[in-house]
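Engineer: I'd like to ask you about the structure that follows.
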Amino acid sequence: MEQFEPDRLTPAQVAAMRRSFRNGRAALTRRSLVRAATGGALAVGGLGALSACGIPAAGKTQGGASAEDRSAEEKVVNFSNWPEYIDVDDSGKSRPTLDAFTRQTGVAVKYTEDINDNSEFFGKIKPQLAAGQDTGRDVIVLTDWLAARVIRLGWVQKLDAANLPHAFTNLSPQFRNPDWDPGRAYSYPWQGISTVIAFNKKALDGVEVKSVSDLLDNPRLKGRVGFLSEMRDSIGMTMLDMGKDPGKFTDDDFDAVIARLQKAVDKGQIRRFTGNDYTSDLTKGDLAACVAWGGDIVQLQADSPDVDYIIPAGGYMTSTDNMLIPNKARHKTNAERLIDFYYQPEEAAALAAYVNFVSPVDDVKPYLEKIDKSAADNPLILPDRAMQARSHAFRALTQKEETAYEEKFAKLTGA
(Lines give C-alpha, C1' and ligand atoms only; values in the text may rest on other atoms or scores of the structure.)
Protein backbone atom coordinates (compact mmCIF):
# COMPACT_ATOMS: atom_id res chain seq x y z
CA MET A 1 0.00 0.00 0.00
CA GLU A 2 1.54 3.27 -1.16
CA GLN A 3 2.35 5.79 1.54
CA PHE A 4 2.38 9.52 0.79
CA GLU A 5 3.88 12.21 2.97
CA PRO A 6 4.31 15.62 1.31
CA ASP A 7 7.17 17.89 2.29
CA ARG A 8 6.94 19.35 5.75
CA LEU A 9 7.10 23.07 6.38
CA THR A 10 10.47 24.68 6.84
CA PRO A 11 10.89 27.46 9.43
CA ALA A 12 10.80 29.98 6.57
CA GLN A 13 7.49 28.63 5.31
CA VAL A 14 6.01 28.76 8.81
CA ALA A 15 7.16 32.38 9.07
CA ALA A 16 5.61 33.17 5.69
CA MET A 17 2.34 31.60 6.79
CA ARG A 18 2.25 33.55 10.07
CA ARG A 19 3.20 36.76 8.28
CA SER A 20 0.22 36.28 5.99
CA PHE A 21 -2.14 35.48 8.86
CA ARG A 22 -1.21 38.78 10.51
CA ASN A 23 -0.89 41.04 7.51
CA GLY A 24 -2.01 39.32 4.32
CA ARG A 25 -5.26 39.82 2.48
CA ALA A 26 -6.74 37.26 4.86
CA ALA A 27 -6.22 39.64 7.79
CA LEU A 28 -9.19 41.89 7.03
CA THR A 29 -12.73 41.43 5.81
CA ARG A 30 -13.31 41.71 2.11
CA ARG A 31 -15.78 44.58 2.21
CA SER A 32 -13.33 46.87 4.03
CA LEU A 33 -10.06 45.74 2.48
CA VAL A 34 -9.08 42.99 0.11
CA ARG A 35 -7.73 39.65 1.30
CA ALA A 36 -4.59 37.94 0.07
CA ALA A 37 -3.76 34.35 -0.64
CA THR A 38 -1.70 33.03 2.21
CA GLY A 39 1.40 32.91 0.08
CA GLY A 40 1.60 29.22 -0.67
CA ALA A 41 2.88 27.98 2.68
CA LEU A 42 0.52 25.46 4.21
CA ALA A 43 -0.51 25.47 7.84
CA VAL A 44 1.48 23.68 10.51
CA GLY A 45 0.05 20.21 10.73
CA GLY A 46 -1.44 20.64 7.25
CA LEU A 47 -0.30 18.66 4.26
CA GLY A 48 3.05 18.00 5.84
CA ALA A 49 1.40 16.08 8.66
CA LEU A 50 -0.49 13.71 6.40
CA SER A 51 0.48 10.12 5.87
CA ALA A 52 -2.25 8.02 4.35
CA CYS A 53 -2.77 5.07 2.06
CA GLY A 54 -3.50 5.88 -1.53
CA ILE A 55 -3.26 9.70 -1.36
CA PRO A 56 -1.70 10.75 -4.66
CA ALA A 57 1.50 12.77 -4.67
CA ALA A 58 1.17 16.45 -5.56
CA GLY A 59 1.84 17.02 -9.23
CA LYS A 60 -0.13 13.96 -10.36
CA THR A 61 -3.61 15.09 -11.31
CA GLN A 62 -6.14 12.48 -10.27
CA GLY A 63 -9.85 12.15 -10.91
CA GLY A 64 -11.97 13.15 -7.94
CA ALA A 65 -14.17 10.74 -6.02
CA SER A 66 -17.92 11.22 -6.34
CA ALA A 67 -20.66 10.14 -3.98
CA GLU A 68 -24.23 9.22 -4.73
CA ASP A 69 -25.65 12.52 -5.97
CA ARG A 70 -28.69 13.38 -3.86
CA SER A 71 -29.40 16.65 -5.67
CA ALA A 72 -32.75 15.49 -7.07
CA GLU A 73 -34.26 14.49 -3.72
CA GLU A 74 -32.40 16.98 -1.50
CA LYS A 75 -32.97 20.48 -2.86
CA VAL A 76 -30.05 22.07 -1.04
CA VAL A 77 -26.45 23.09 -1.64
CA ASN A 78 -23.85 23.75 1.08
CA PHE A 79 -21.60 26.67 0.14
CA SER A 80 -18.48 27.68 2.12
CA ASN A 81 -16.98 31.08 1.35
CA TRP A 82 -14.92 33.92 2.82
CA PRO A 83 -16.46 36.63 5.02
CA GLU A 84 -17.95 39.67 3.31
CA TYR A 85 -17.49 38.15 -0.14
CA ILE A 86 -21.07 38.19 -1.43
CA ASP A 87 -23.76 40.80 -1.96
CA VAL A 88 -25.91 41.72 1.05
CA ASP A 89 -29.03 43.89 1.11
CA ASP A 90 -29.35 47.11 3.08
CA SER A 91 -30.72 45.29 6.11
CA GLY A 92 -27.64 43.07 6.20
CA LYS A 93 -29.86 40.03 6.61
CA SER A 94 -30.43 38.89 3.04
CA ARG A 95 -28.09 37.87 0.22
CA PRO A 96 -30.02 38.86 -2.91
CA THR A 97 -28.20 36.70 -5.45
CA LEU A 98 -28.54 33.58 -3.31
CA ASP A 99 -32.23 34.32 -2.87
CA ALA A 100 -32.53 34.70 -6.66
CA PHE A 101 -30.79 31.35 -7.16
CA THR A 102 -33.30 29.65 -4.89
CA ARG A 103 -36.24 31.28 -6.66
CA GLN A 104 -34.84 30.26 -10.05
CA THR A 105 -33.94 26.66 -9.18
CA GLY A 106 -35.88 25.68 -6.07
CA VAL A 107 -32.54 24.81 -4.42
CA ALA A 108 -31.93 26.30 -0.97
CA VAL A 109 -28.41 27.47 -0.14
CA LYS A 110 -26.81 26.84 3.22
CA TYR A 111 -24.22 29.62 3.08
CA THR A 112 -21.37 29.58 5.59
CA GLU A 113 -18.61 32.19 5.94
CA ASP A 114 -16.11 29.79 7.47
CA ILE A 115 -13.02 30.42 5.34
CA ASN A 116 -10.80 32.96 7.08
CA ASP A 117 -7.61 31.95 5.31
CA ASN A 118 -6.66 29.15 2.96
CA SER A 119 -4.39 27.19 5.25
CA GLU A 120 -6.66 27.30 8.27
CA PHE A 121 -9.63 26.15 6.21
CA PHE A 122 -7.60 23.40 4.60
CA GLY A 123 -6.78 22.18 8.09
CA LYS A 124 -10.51 21.86 8.79
CA ILE A 125 -11.33 19.73 5.78
CA LYS A 126 -8.14 17.74 5.14
CA PRO A 127 -8.94 14.84 7.52
CA GLN A 128 -12.15 14.06 5.64
CA LEU A 129 -10.58 14.61 2.22
CA ALA A 130 -7.63 12.38 3.08
CA ALA A 131 -9.96 9.68 4.37
CA GLY A 132 -12.25 9.87 1.34
CA GLN A 133 -15.16 11.23 3.37
CA ASP A 134 -17.77 13.92 2.79
CA THR A 135 -16.69 17.32 4.17
CA GLY A 136 -20.30 18.46 4.52
CA ARG A 137 -19.67 21.08 1.82
CA ASP A 138 -20.70 21.07 -1.82
CA VAL A 139 -18.87 24.23 -2.96
CA ILE A 140 -15.69 25.69 -1.48
CA VAL A 141 -13.74 28.81 -2.52
CA LEU A 142 -9.94 28.51 -2.54
CA THR A 143 -7.22 30.80 -3.83
CA ASP A 144 -5.47 29.53 -6.93
CA TRP A 145 -2.32 28.11 -5.31
CA LEU A 146 -4.36 25.95 -2.92
CA ALA A 147 -6.91 25.10 -5.60
CA ALA A 148 -4.00 23.77 -7.63
CA ARG A 149 -2.86 21.63 -4.71
CA VAL A 150 -6.21 19.98 -4.01
CA ILE A 151 -6.69 19.28 -7.72
CA ARG A 152 -3.29 17.59 -7.87
CA LEU A 153 -4.12 15.59 -4.77
CA GLY A 154 -7.30 14.34 -6.41
CA TRP A 155 -9.49 15.77 -3.64
CA VAL A 156 -12.01 17.64 -5.80
CA GLN A 157 -14.40 16.43 -8.48
CA LYS A 158 -14.28 17.02 -12.19
CA LEU A 159 -17.08 19.30 -13.30
CA ASP A 160 -19.84 18.22 -15.67
CA ALA A 161 -19.81 20.73 -18.53
CA ALA A 162 -23.44 19.88 -19.34
CA ASN A 163 -24.44 21.59 -16.09
CA LEU A 164 -22.32 24.70 -16.75
CA PRO A 165 -23.54 26.27 -20.01
CA HIS A 166 -23.27 29.88 -18.80
CA ALA A 167 -19.91 29.32 -17.13
CA PHE A 168 -18.43 27.70 -20.22
CA THR A 169 -19.73 30.46 -22.48
CA ASN A 170 -19.19 33.53 -20.30
CA LEU A 171 -15.89 32.89 -18.52
CA SER A 172 -13.50 35.72 -19.35
CA PRO A 173 -10.62 34.68 -21.65
CA GLN A 174 -8.26 36.08 -19.02
CA PHE A 175 -9.06 33.19 -16.68
CA ARG A 176 -9.77 30.27 -19.04
CA ASN A 177 -6.53 28.32 -18.98
CA PRO A 178 -4.50 28.41 -15.77
CA ASP A 179 -1.59 25.98 -15.87
CA TRP A 180 -2.91 24.21 -12.78
CA ASP A 181 -6.38 23.57 -14.31
CA PRO A 182 -6.28 23.86 -18.11
CA GLY A 183 -9.71 24.48 -19.58
CA ARG A 184 -11.20 24.74 -16.08
CA ALA A 185 -12.03 21.05 -15.71
CA TYR A 186 -12.19 21.26 -11.90
CA SER A 187 -12.72 24.92 -11.01
CA TYR A 188 -14.33 28.20 -11.97
CA PRO A 189 -13.26 31.60 -10.62
CA TRP A 190 -15.42 33.29 -8.03
CA GLN A 191 -13.51 36.59 -8.37
CA GLY A 192 -10.15 37.81 -9.65
CA ILE A 193 -7.44 39.81 -7.84
CA SER A 194 -5.14 42.31 -9.56
CA THR A 195 -1.72 43.45 -8.30
CA VAL A 196 -0.67 46.92 -9.47
CA ILE A 197 1.47 49.90 -8.43
CA ALA A 198 -0.29 52.41 -6.18
CA PHE A 199 0.93 55.84 -5.15
CA ASN A 200 0.02 58.92 -3.17
CA LYS A 201 0.12 61.86 -5.59
CA LYS A 202 0.80 64.40 -2.85
CA ALA A 203 3.60 62.34 -1.30
CA LEU A 204 5.29 61.83 -4.68
CA ASP A 205 5.78 65.60 -4.90
CA GLY A 206 6.37 65.53 -8.64
CA VAL A 207 8.26 62.24 -8.83
CA GLU A 208 7.07 60.19 -11.79
CA VAL A 209 6.29 56.54 -11.13
CA LYS A 210 5.61 54.28 -14.09
CA SER A 211 7.34 51.01 -13.23
CA VAL A 212 8.76 48.79 -10.55
CA SER A 213 12.18 50.13 -11.57
CA ASP A 214 11.07 53.57 -10.43
CA LEU A 215 10.21 52.12 -7.04
CA LEU A 216 13.54 50.35 -6.74
CA ASP A 217 15.91 52.91 -8.23
CA ASN A 218 14.68 56.48 -7.76
CA PRO A 219 16.66 57.99 -4.86
CA ARG A 220 13.90 60.52 -4.19
CA LEU A 221 11.70 57.63 -3.06
CA LYS A 222 14.26 56.11 -0.71
CA GLY A 223 12.59 54.75 2.41
CA ARG A 224 9.12 55.52 1.09
CA VAL A 225 8.50 52.41 -1.02
CA GLY A 226 6.50 49.33 -0.03
CA PHE A 227 6.36 45.80 -1.44
CA LEU A 228 3.96 43.03 -0.51
CA SER A 229 4.72 40.20 1.89
CA GLU A 230 3.02 37.85 -0.59
CA MET A 231 5.83 36.21 -2.55
CA ARG A 232 3.96 35.69 -5.80
CA ASP A 233 2.91 39.34 -6.01
CA SER A 234 6.21 41.03 -5.22
CA ILE A 235 8.36 38.54 -7.11
CA GLY A 236 5.95 38.46 -10.05
CA MET A 237 5.76 42.23 -10.45
CA THR A 238 9.56 42.51 -10.31
CA MET A 239 9.96 39.68 -12.82
CA LEU A 240 7.74 41.52 -15.27
CA ASP A 241 9.80 44.67 -14.80
CA MET A 242 12.92 42.67 -15.62
CA GLY A 243 11.38 41.28 -18.81
CA LYS A 244 10.84 37.80 -17.36
CA ASP A 245 7.64 35.78 -17.54
CA PRO A 246 6.14 34.77 -14.14
CA GLY A 247 4.43 31.93 -15.95
CA LYS A 248 7.64 30.34 -17.28
CA PHE A 249 10.57 31.42 -15.11
CA THR A 250 13.56 29.34 -14.05
CA ASP A 251 15.46 29.08 -10.77
CA ASP A 252 18.03 31.51 -12.16
CA ASP A 253 15.27 33.99 -13.01
CA PHE A 254 13.91 33.75 -9.48
CA ASP A 255 17.36 34.28 -8.00
CA ALA A 256 17.92 37.33 -10.20
CA VAL A 257 14.73 38.90 -8.86
CA ILE A 258 15.71 38.16 -5.28
CA ALA A 259 19.09 39.81 -5.90
CA ARG A 260 17.42 42.89 -7.37
CA LEU A 261 15.09 43.27 -4.41
CA GLN A 262 17.88 42.55 -1.94
CA LYS A 263 19.90 45.42 -3.37
CA ALA A 264 16.97 47.76 -2.77
CA VAL A 265 16.55 46.46 0.77
CA ASP A 266 20.24 46.89 1.52
CA LYS A 267 20.30 50.52 0.42
CA GLY A 268 17.12 51.37 2.32
CA GLN A 269 15.00 51.99 -0.75
CA ILE A 270 12.22 49.63 0.40
CA ARG A 271 10.61 50.78 3.64
CA ARG A 272 9.06 47.40 4.39
CA PHE A 273 7.20 44.36 3.07
CA THR A 274 3.55 44.52 4.11
CA GLY A 275 0.14 42.99 3.90
CA ASN A 276 -2.98 45.16 3.92
CA ASP A 277 -1.43 47.47 6.49
CA TYR A 278 0.23 49.40 3.67
CA THR A 279 -3.11 51.13 3.08
CA SER A 280 -2.78 53.36 6.13
CA ASP A 281 0.78 54.37 5.23
CA LEU A 282 -0.27 55.07 1.65
CA THR A 283 -3.20 57.31 2.54
CA LYS A 284 -1.09 59.23 5.09
CA GLY A 285 1.77 59.61 2.62
CA ASP A 286 4.32 57.69 4.69
CA LEU A 287 4.56 55.46 1.66
CA ALA A 288 4.85 57.42 -1.56
CA ALA A 289 4.40 54.35 -3.76
CA CYS A 290 4.00 50.60 -3.37
CA VAL A 291 3.01 47.32 -4.94
CA ALA A 292 -0.68 47.02 -4.07
CA TRP A 293 -3.87 45.01 -4.53
CA GLY A 294 -6.50 46.45 -6.85
CA GLY A 295 -9.38 45.80 -4.46
CA ASP A 296 -7.70 48.01 -1.87
CA ILE A 297 -7.33 50.83 -4.35
CA VAL A 298 -11.01 50.73 -5.31
CA GLN A 299 -11.89 51.12 -1.64
CA LEU A 300 -9.25 53.75 -0.84
CA GLN A 301 -10.05 56.01 -3.77
CA ALA A 302 -13.58 56.49 -2.45
CA ASP A 303 -12.18 58.41 0.52
CA SER A 304 -8.60 59.35 -0.45
CA PRO A 305 -8.37 61.54 -3.58
CA ASP A 306 -4.56 61.49 -3.46
CA VAL A 307 -4.42 57.70 -3.99
CA ASP A 308 -4.04 56.49 -7.56
CA TYR A 309 -2.48 53.57 -9.43
CA ILE A 310 -0.76 52.60 -12.66
CA ILE A 311 -0.40 49.44 -14.68
CA PRO A 312 3.30 49.16 -15.64
CA ALA A 313 4.16 48.78 -19.31
CA GLY A 314 5.48 45.30 -18.52
CA GLY A 315 2.11 44.19 -17.19
CA TYR A 316 0.63 43.23 -13.85
CA MET A 317 -0.06 40.12 -11.78
CA THR A 318 -3.43 38.49 -11.41
CA SER A 319 -4.77 35.63 -9.29
CA THR A 320 -8.16 34.09 -8.60
CA ASP A 321 -10.35 32.70 -5.86
CA ASN A 322 -12.04 29.61 -7.23
CA MET A 323 -15.17 27.52 -6.69
CA LEU A 324 -14.54 23.77 -6.44
CA ILE A 325 -16.61 20.73 -5.49
CA PRO A 326 -14.91 18.51 -2.88
CA ASN A 327 -14.85 14.75 -3.18
CA LYS A 328 -17.90 12.93 -1.84
CA ALA A 329 -20.07 16.07 -1.93
CA ARG A 330 -23.72 14.99 -1.62
CA HIS A 331 -25.15 17.57 -4.03
CA LYS A 332 -22.81 17.81 -7.00
CA THR A 333 -25.44 18.75 -9.57
CA ASN A 334 -26.87 21.43 -7.30
CA ALA A 335 -23.33 22.75 -6.76
CA GLU A 336 -22.74 22.95 -10.50
CA ARG A 337 -26.03 24.79 -10.95
CA LEU A 338 -24.90 27.30 -8.31
CA ILE A 339 -21.54 27.82 -10.02
CA ASP A 340 -23.29 28.29 -13.35
CA PHE A 341 -25.80 30.73 -11.84
CA TYR A 342 -23.03 33.20 -11.04
CA TYR A 343 -21.90 33.16 -14.66
CA GLN A 344 -25.12 34.80 -15.79
CA PRO A 345 -24.03 38.40 -16.44
CA GLU A 346 -26.90 39.95 -14.47
CA GLU A 347 -26.05 37.96 -11.34
CA ALA A 348 -22.30 38.51 -11.83
CA ALA A 349 -22.96 42.26 -12.02
CA ALA A 350 -24.85 42.26 -8.72
CA LEU A 351 -21.95 40.44 -7.08
CA ALA A 352 -19.27 42.70 -8.61
CA ALA A 353 -21.11 45.86 -7.59
CA TYR A 354 -20.90 44.78 -3.98
CA VAL A 355 -17.49 43.14 -3.58
CA ASN A 356 -15.48 45.36 -6.01
CA PHE A 357 -13.17 42.58 -7.19
CA VAL A 358 -12.40 41.62 -10.79
CA SER A 359 -15.44 39.94 -12.28
CA PRO A 360 -14.49 36.74 -14.16
CA VAL A 361 -17.64 36.97 -16.28
CA ASP A 362 -17.54 38.29 -19.82
CA ASP A 363 -20.05 40.88 -21.07
CA VAL A 364 -21.07 41.92 -17.58
CA LYS A 365 -20.58 45.66 -18.17
CA PRO A 366 -24.08 46.59 -19.46
CA TYR A 367 -25.62 44.99 -16.39
CA LEU A 368 -23.17 46.58 -13.97
CA GLU A 369 -23.76 50.01 -15.52
CA LYS A 370 -27.40 49.80 -14.46
CA ILE A 371 -26.31 49.23 -10.85
CA ASP A 372 -23.15 51.33 -10.50
CA LYS A 373 -21.70 53.10 -13.52
CA SER A 374 -18.49 54.04 -11.70
CA ALA A 375 -17.86 50.37 -10.96
CA ALA A 376 -18.60 49.44 -14.55
CA ASP A 377 -16.05 52.00 -15.74
CA ASN A 378 -13.37 50.92 -13.25
CA PRO A 379 -10.72 48.68 -14.89
CA LEU A 380 -9.83 47.25 -11.49
CA ILE A 381 -13.30 45.68 -11.50
CA LEU A 382 -13.89 45.22 -15.23
CA PRO A 383 -10.58 45.25 -17.09
CA ASP A 384 -10.98 45.75 -20.82
CA ARG A 385 -9.43 43.41 -23.37
CA ALA A 386 -6.26 45.50 -23.63
CA MET A 387 -5.75 45.42 -19.86
CA GLN A 388 -6.54 41.71 -19.66
CA ALA A 389 -3.85 41.06 -22.27
CA ARG A 390 -1.30 42.64 -19.92
CA SER A 391 -2.15 40.35 -16.99
CA HIS A 392 0.12 37.52 -15.91
CA ALA A 393 -0.33 34.64 -13.48
CA PHE A 394 2.42 33.13 -11.35
CA ARG A 395 3.05 29.60 -12.52
CA ALA A 396 2.29 26.58 -10.37
CA LEU A 397 5.20 25.47 -8.22
CA THR A 398 6.47 22.03 -7.36
CA GLN A 399 6.84 21.18 -3.68
CA LYS A 400 10.61 21.48 -4.02
CA GLU A 401 10.35 24.91 -5.64
CA GLU A 402 7.84 26.13 -3.09
CA THR A 403 10.17 25.22 -0.23
CA ALA A 404 13.25 26.76 -1.84
CA TYR A 405 11.53 29.95 -2.98
CA GLU A 406 9.82 30.61 0.34
CA GLU A 407 13.19 30.20 2.09
CA LYS A 408 14.79 32.80 -0.15
CA PHE A 409 11.87 35.20 0.05
CA ALA A 410 11.74 34.89 3.85
CA LYS A 411 15.42 35.77 4.07
CA LEU A 412 14.82 38.80 1.85
CA THR A 413 11.90 40.11 3.89
CA GLY A 414 13.38 39.27 7.27
CA ALA A 415 10.50 36.99 8.14
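The values are calculated or read from the model by the stated rules, or taken from the named source; none is laboratory data. Quantities reported herein were computed from a predicted structural model and do not represent experimental measurements. All Cβ positions, glycine included, derive from the backbone under ideal geometry; neighbour counts span all protein chains shown. Surface areas here come from the heavy atoms of the whole protein model, side chains and all, with no ligands, DNA or RNA. Shrake-Rupley method; radii C 1.70, N 1.55, O 1.52, S 1.80 Å.
Engineer: Considering the stretch 218-233 alone, what residues qualify as being of a type in the set (D, E, K, R) and either within 29 Å of the chain's Cα centre (by Cα) or outside any helix (DSSP H, G or I) (or both)?
Structural biologist: Of the stretch 218-233, the ones of a type in the set (D, E, K, R) are 220, 222, 224, 230, 232-233.
Result: LYS222, ARG224, GLU230, ARG232, ASP233.
Engineer: Against the conditions (1) more than 23 Å from the chain's Cα centre (by Cα); (2) under 27 Å from PHE394 (Cα atoms), where does VAL107 fall short? Just the number, please.
Structural biologist: Among (1) more than 23 Å from the chain's Cα centre (by Cα); (2) under 27 Å from PHE394 (Cα atoms), VAL107 violates only (2).
Engineer: Continuing with the same structure: Does any residue of the stretch 328-336 turn out to be touching a residue at least 60 places away in the same chain (Cβ under 8 Å), more than 29 Å from SER234 (Cβ to Cβ), outside any helix (DSSP H, G or I) and open to solvent by less than 10 Å² (accessible area, probe 1.4 Å)? Let's see the steps before the verdict.
Structural biologist: Step one: list which residues in the stretch 328-336 are touching a residue at least 60 places away in the same chain (Cβ under 8 Å), which gives 328-336.
With the extra rule that they be more than 29 Å from SER234 (Cβ to Cβ), the set shrinks to 328-336.
Filter once more, keeping what is outside any helix (DSSP H, G or I): 328-331.
Next, only the ones that are open to solvent by less than 10 Å² (accessible area, probe 1.4 Å) stay: 329, 331.
Scanning the stretch 328-336, I find at least one residue that is touching a residue at least 60 places away in the same chain (Cβ under 8 Å), more than 29 Å from SER234 (Cβ to Cβ), outside any helix (DSSP H, G or I) and open to solvent by less than 10 Å² (accessible area, probe 1.4 Å), so the answer is yes.
Engineer: Considering the stretch 298-317 alone, what residues qualify as being outside any loop (DSSP other than H, G, I, E, B) and either touching a Cys at 6+ places or on another chain (Cβ under 8 Å) or modelled with pLDDT of 95 or more (or both)?
Structural biologist: Of the residues in the stretch 298-317, the ones outside any loop (DSSP other than H, G, I, E, B) are 298-301, 307-310, 316-317.
Passing the criteria: VAL307, ASP308, TYR309, ILE310, TYR316, MET317.
Engineer: Out of contact with any Phe, Trp or Tyr (no Cβ under 9 Å at 6 or more places or on another chain), outside the structural domain of LEU171 (by the TED database) and at pLDDT 95 or above: is that true of SER374 in this structure?
Structural biologist: On the way: out of contact with any Phe, Trp or Tyr (no Cβ under 9 Å at 6 or more places or on another chain): yes; outside the structural domain of LEU171 (by the TED database): yes; at pLDDT 95 or above: no.
Taking the combined requirement at face value, the residue does not satisfy it.
Engineer: Find the residue count for the stretch 341-366, including only residues that are farther than 20 Å from GLY294 by Cβ, open to solvent by less than 10 Å² (accessible area, probe 1.4 Å) and in a helix (DSSP H, G or I).
Structural biologist: 1
Engineer: Name every residue in the stretch 384-415 that is part of a loop (DSSP other than H, G, I, E, B), open to solvent by 70 Å² or more (accessible area, probe 1.4 Å) and under 24 Å from LYS365 (Cα atoms), in order of residue number. First the steps, then the outcome.
Structural biologist: In the first step, residues of the stretch 384-415 are kept if they are part of a loop (DSSP other than H, G, I, E, B); the result is 384, 389-390, 393-398, 414-415.
Subset that is open to solvent by 70 Å² or more (accessible area, probe 1.4 Å): 384, 389-390, 398.
Once the filter is applied, which keeps residues that are part of a loop (DSSP other than H, G, I, E, B), open to solvent by 70 Å² or more (accessible area, probe 1.4 Å) and under 24 Å from LYS365 (Cα atoms), the stretch 384-415 yields ASP384, ALA389, ARG390.
Engineer: Would you mind listing the helices (runs of 4 or more DSSP H) fully within the stretch 83-193 where at least 3 residues are surrounded by fewer than 20 Cβ atoms within 10 Å (Cβ to Cβ)?
Structural biologist: Details: elements: 96-105, 118-131, 144-153, 165-170.
Per the criteria, 96-105, 118-131, 165-170.
Engineer: Please state which one of ASP308, ASP241, ASP253, ASP303 is more than 19 Å from the chain's Cα centre (by Cα), within 21 Å of LYS411 (Cα to Cα), open to solvent by 20 Å² or more (accessible area, probe 1.4 Å) and not hydrophobic (A, V, I, L, M, F, W, C).
Structural biologist: Details: ASP308 fails: within 21 Å of LYS411 (Cα to Cα); ASP241 fails: within 21 Å of LYS411 (Cα to Cα); ASP303 fails: within 21 Å of LYS411 (Cα to Cα).
Exactly one of ASP308, ASP241, ASP253, ASP303 is more than 19 Å from the chain's Cα centre (by Cα), within 21 Å of LYS411 (Cα to Cα), open to solvent by 20 Å² or more (accessible area, probe 1.4 Å) and not hydrophobic (A, V, I, L, M, F, W, C), namely ASP253.
Engineer: Let me ask you something else. Pull out all pairs, ordered by first then second residue, where Cβ-Cβ is under 6 Å, the residues are six or more apart or on different chains, the first lies in the stretch 362-376 and is at negative phi, and the second is modelled with pLDDT of 95 or more and open to solvent by 70 Å² or more (accessible area, probe 1.4 Å).
Structural biologist: That search, which allows pairs on different chains as well, returns TYR367/GLU346; ALA376/LYS365; ALA376/GLU369.
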